[in-house]
Each structure stands twice: as structure tokens, then as C-alpha cells.
Amino acid sequence: MRCIRVIPCLDVDAGRVVKGVQFAGLVDAGDPVELAARYDAEGADELVFLDITASVDARRTMVEVVARTAEQVFIPFTVGGGVGDVDAARALLRAGADKVSLNTAALAHPNLVARLAGEFGAQCVVVAIDARRRAGAGARWDVYSHGGRRPAGRDALAWAEQAAALGAGEILLTSMDRDGTRSGYDLELTRAVAGTVAVPVVASGGVGSLEHLVQGARQGDADAVLAASIFHRGEHTLAEAKAYMADHGVPVRPVGPAG
Amino acid sequence: MTVATCSGGPPVIAVLDYGIGNLRSAEKALQHLGADARLVTDPDQAVVAAGMVLPGVGAFGRCAQALRHSGLVKSVHHALARGTPFLGVCVGLQLLYEGSDEAPGVEGLGALGGVVRALAPGVKRPQMQWNRLQRRPGRTSALLAGTGESPWVYFVHSFAPEDGAEVSATCHYGGEVVAAVERDRLWGTQFHPEKSGAVGLAMLANFVAAVAAVAGASASPSA
């Protein structure tokens, strides 16, 4: 049986969650560990921390966040953002991260994917792909690096295929066209990548309603659906999301005691 | 050599650290439950622990090689022979079998009969998701006690052991897949209890309780 994972994503800057997360009853809405524990309790299947820290020095902070998270959160979590080499990945994994997500570094050094998969196993290597639809080219998407600022000169489907062949255990696929628009995932992109690689694909970018989560699974054929603002702003709980998905034919792990 | 069961403290659970991936999760989850769980690299320390956890992620061949290289294989055999409460997780469970299709020619520990096979063709591999357990009819399980009829747990794997008499639960993923085994004090899970939220912690608490019960029984004949 296939079961679609629902994954809240937290942007972390210098050890603090940014983009205003609203949760009743939290002592400190900026503490990633407190938020992660809250999402765990509410029924998140997995979590993604995206480290958007610009300063290299402050990156050490993320390892501390990961270590504290591992003491209190007992669902899988992925850490991405600025993971540049084997040592950085090892530090995060040793601190307790289940997976590390590579983006720019994987594009610059594809062999890094293979090295990490060889050393730690493919299951803990995620390749994040930021893709933008190529103007006037139909169903073609270009890959961008450096947080979406630089074209990487690669086709998204070809890169996804190569990343999986190198040993990526999962593809975290973000549509730059949809990110922040709240108009739903780029379903055509998601479906194309999911049909290209044999490994799980996480849909990301554009969720503004619960219907979008259903679309990501049903039309996008994603194995997991990632969202940020609908959860952070308190618009919907994980329980509501999962109930809605289940009502619309998407298999999910129900929230609550063993179902 | 230190004595594992110091008076007053909980018995030591050795989480075998043989140089592969994320072992921190299992250690932290056990500590969260109040257990004295320690990452152990030294075979002499492992062998005196009251309970033993064999984690494992990644490839069977690499894990088997790393475990042999670490010198901890003897500690595992010793613990199993002595009836020390033992929990193998994911590839740590797979290593207890005779071998794996993932690494032909690489021997497993052979504590359980049979080999590890690839998941059925036609499903995504790895199975990286939550799935619900189906209890094996007629089997009781100390590991799964109190976790409901069909608890949801987290899997990350492309291979799984062959079915056998030791199987206590399966999941459905392109066919029936072995998910949990139990033979006396040898317990194993293909899923990750340390990553399965509250229900996974309840299973680990069952293991911690089993360790405490056995350690208490062996420590108390003088009382």
C-alpha cells in the first residue's frame, strides 16, 4: 500500500525559524525544535528544515538545532540548505538528521551525491531541484542553483534522472514558478519527474489550500507533499489536511491513536 | 571492565556503533524513555550490556563488512547465545539472516534462517513511507504489546527478510512484507521504531522493560 506523506517545511536562519510561524500555546514560535515537536504531535509524517543562513559561521548553529531536535522529535527529518561537502553532511547526520538535502553542491559536484550515498546510504541523500518552466518550450523545465538565482544549464528531468542514478534516495522538487504564489503545485512538472525516476518525489512550491495537497498526490503522482505557509499561518492543521486528503481518495496515515 | 548494571541506575543498553550512518536516533529515543543507552564501539563494553540494539542503514554488504571490521560480531553472537534482550533495526535486522540478495556472497550472521530479498517489482524502491502493521494471526508479540491492532510505523528499505516462523507482523507493499520478528528475546523490526512517533516509542519502551526485567532477574537471586 502506498501512503502519501505530508511534510511541513521550516525555514531556519541562524538557528531561528523565520517567515512567521503562528501556533497557539508555543512559548517561543521561533524555536525550530519546539515547532518540530509540535508538528510531530499534530501528525506530521516527516519534517524538512531548510537552512537559509547566509553566514558560514552560523551554519554550526544548524548542527546544534539538529542535535536538539533529535532528542525530542521521533519522526524523520531532513536538513537542507547550504550542505556543501561530505563533512557538512556527516556532521548533520551524526547529529541526528535522517536525511540531508543537496542542491547547489550536487549540481557543481554530482559525484558528491554518489559519495554520500556510498558512505551513508541512498536513503539519507535527497537531491533538491529548483525548476522553472522554460518559456515557449512546452513541457520543459530548467534547473536553478544558489537558491534559485542562477541557471544551472540543465534540464530538470535529465538532472532528476542523473541524480537518482548517482544515488539520490529521494527528489525534493520545487516549482519556482509556483513557489509563494499559493496557486498550487506545478502538477505537470511533478508528474513528469515522478514518471522519470524510480525513487520517491516530494512535491513542493505553491500550496495555498488543502485541495492542492490532493492534486499533488493524485495529478502530480508525488509520494509526499510539502507545504509551509498553510500550516505555519494556522490556516490548517495537519489533522485537517489529512482528513481532507483521505476524504478525497489519497491514502494517508491518519492522525491520532493507532488507526 | 565495568559492570553494566550499577546499583541504582537503569541497566545499560548498548547501541552498537560500527561506523555507519545515523545511530543517534536510536540512542536518543531510548534515552528519552529513561534508558541508559550508549553508543558502543568496544566489544568488551558491548558484551557486558544488559540489552543490545543493532541499528543499520544503507547497504547490507557495507553494513556486514563494517560490523565484522568493528569486532562487534562476537558480541552479537554472545548476546544472542546468552539470551540478552536484543533488537535489530532495519539493516540491523537483515544482518541477522544468512545473507541478502543485495550483496550476493556476503554472509549475514545466520542467527535467523533464510535470506533477505528485494521488495516486489512494480513498487517504488525504497519503500520510504509510513505503513500499517498486520499482526501475524495467532502470534503474540512483546515488542508490539499495547500498540494497537494495526499501528502505523515508518519504513525506509528496498529489501526485507523472507517469511518464517519468527515473523510477528507484516505490512503490505506490493505483497506481504516482513515487518517485525520475535524469537524469545531476539526482536527485530524492518521499520524504524525510533522514527515512528509515539507508537514507535511505545515499542521501544517494551524493549526497555524487557531489558530491565531480565537484568533485574539476573541481579536478584541473592535477595
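The values are calculated or read from the model by the stated rules, or taken from the named source; none is laboratory data. Values in this document were obtained by computation on a predicted structure and should not be read as measured data. FYI the Cβ positions are ideal-geometry reconstructions off the backbone, even for glycines, and counts take in every protein chain you see. For the accessible areas, the whole protein counts, side chains as well, though only heavy atoms, and no ligand, DNA or RNA atoms are used. Shrake-Rupley method; radii C 1.70, N 1.55, O 1.52, S 1.80 Å.
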Identity of the residue in region B:124-146, open to solvent by 30 Å² or more (accessible area, probe 1.4 Å) and facing chain A (nearest Cβ under 8 Å), that ends up nearest to B:Pro85 (Cα to Cα): B:Arg132
B:Val199 being open to solvent by 10 Å² or more (accessible area, probe 1.4 Å) and assigned to a helix (DSSP H, G or I): yes
Residue, modelled with the lowest pLDDT, within region A:1-22, restricted to residues that are out of contact with any Lys or Arg (no Cβ under 6 Å at 6 or more places or on another chain) and open to solvent by 40 Å² or more (accessible area, probe 1.4 Å): A:Gly20
Residue under evaluation B:Glu149, criteria (1) within 11 Å of chain A (Cβ to nearest Cβ); (2) closer than 30 Å to A:Val199 by Cβ, criterion not met: (2)
Condition met for A:Ile171 (open to solvent by less than 10 Å² (accessible area, probe 1.4 Å), among the β-branched types (Val, Ile, Thr) and assigned to a helix (DSSP H, G or I)): no
Residues (modelled with pLDDT of 95 or more, under 30 Å from A:Ile171 (Cα atoms) and in contact with a Ser or Thr (Cβ under 7 Å, 6 or more places away or on another chain)) located in region B:120-164: B:Arg132, B:Leu133, B:Gln134, B:Val153, B:Tyr154, B:Phe159
Residue identified as more than 15 Å from the chain's Cα centre (by Cα) and hydrophobic (A, V, I, L, M, F, W, C) among A:Ala131, A:Ala137: A:Ala137
Selection status of A:Glu42, open to solvent by 20 Å² or more (accessible area, probe 1.4 Å), touching a Phe, Trp or Tyr at 6+ places or on another chain (Cβ under 9 Å) and free of Cβ contacts under 8 Å to residues at least 12 places away in the same chain: no
Residue in region A:250-257 that is within 12 Å of chain B (Cβ to nearest Cβ), surrounded by 21 or more Cβ atoms within 10 Å (Cβ to Cβ) and in contact with a Phe, Trp or Tyr (Cβ under 7 Å, 6 or more places away or on another chain) present: yes
Those strands (runs of 3 or more DSSP E) lying entirely in region A:67-158 with at least 1 residues surrounded by fewer than 18 Cβ atoms within 10 Å (Cβ to Cβ): A:150-155
